[in-house]
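Everything below concerns the one structure shown next.
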Amino acid sequence: MKNWILASVAAVALTGAGVAEYAFAAVGDPPGMMDHRGPSPEIRAALFDARVAGMKAALKLTPEQEKAWAPFETAVRAAETAHMDAEKSMHDRMEKGERLTPIQHMTEMSDHLAKASAEMKQVADAASPLYDSLDDTQKQEFGALLRTLRGPHGHHGWEHGHGG
């Protein structure tokens, strides 16, 4: 009896996932062929711009702090651009059906991590003067706001140390 109940719950959950995927698909997408890449690059860029503006607004910078914001924003934008370029390159390769050997994959991952490390260092270097100029309340908010810059999938972003 217990196994039957578990099987029934699992079947309902799996069916619900398929229905949800179909419900959220774009008009014209054939069932089972939903786009799992997320919003277009243009939409992602607009959302990133909004998150950067939101971080700046939330910090309520003084005129003196504003001077330190510009280099920080430039570094963050450069890291985001690098992430988007790397993602596009990977997507283009996948669409062409290119397959990497395990050695090529490790080499590419190593190169990717090295670039991500350099990007993070640039962001940290640019953030330091800004962070040092913040008051205690602003400093409390800074880390959480920084994490929001990558959006809901920030776990793969430069601010966590694994590049784009």
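Which of the listed residues, F142, W69, T107, is farthest toward the dipole's positive end in region 41-160, when Lys, Arg count +1 and Asp, Glu count -1 at the beta-carbon?
With unit charges placed on the Cβ atoms, the residue in question is T107.
Estimate the FRET efficiency between D85 and T137 by the formula 1/(1 + (r/R0)^6), using the beta-carbon distance for r and 41 Å for R0, to the nearest 0.05.
Computed FRET efficiency for D85 and T137 comes out at 0.70.
By how many nm would the segment from E108 to D49 grow when fully extended, if each residue of separation counts as 0.36 nm and the alpha-carbon distance is taken off? Working shown, then result.
Values: separation 59, 0.36 × 59 = 21.24 nm, distance 2.88 nm.
Using 0.36 nm per residue and subtracting the Cα-Cα distance, I get 18.4 nm.
Sorted by mean Cβ packing within 10 Å, highest first, what order do the peptides 45-55, 134-144, 72-82, 101-111 take?
On the way: 45-55: 14.9, 134-144: 12.4, 72-82: 18.7, 101-111: 10.7.
Packing order, densest peptide first, comes out as 72-82, 45-55, 134-144, 101-111.
Around D49, under 14 Å between beta carbons, what's the net of Lys plus Arg minus Asp minus Glu among the other residues?
Working: positive: R44, R51, K56, R77, R150; negative: E42, E73, E80.
Its environment carries a net charge of +2.
For region 41-160, how big is Rg over Rh, using alpha carbon atoms and the Kirkwood form of Rh? Could you put the intermediate results ahead of the total?
Numbers: Rg = 16.4 Å, Rh = 15.7 Å.
Expressed as Rg/Rh, it is 1.04.
Every number in this text was worked out from the coordinates using simple rules, so none of it is lab data. Quick caveat, the model's predicted, so the values are computed rather than measured. We place every Cβ from the backbone using ideal geometry, glycine too, and count neighbours over all the protein chains shown.
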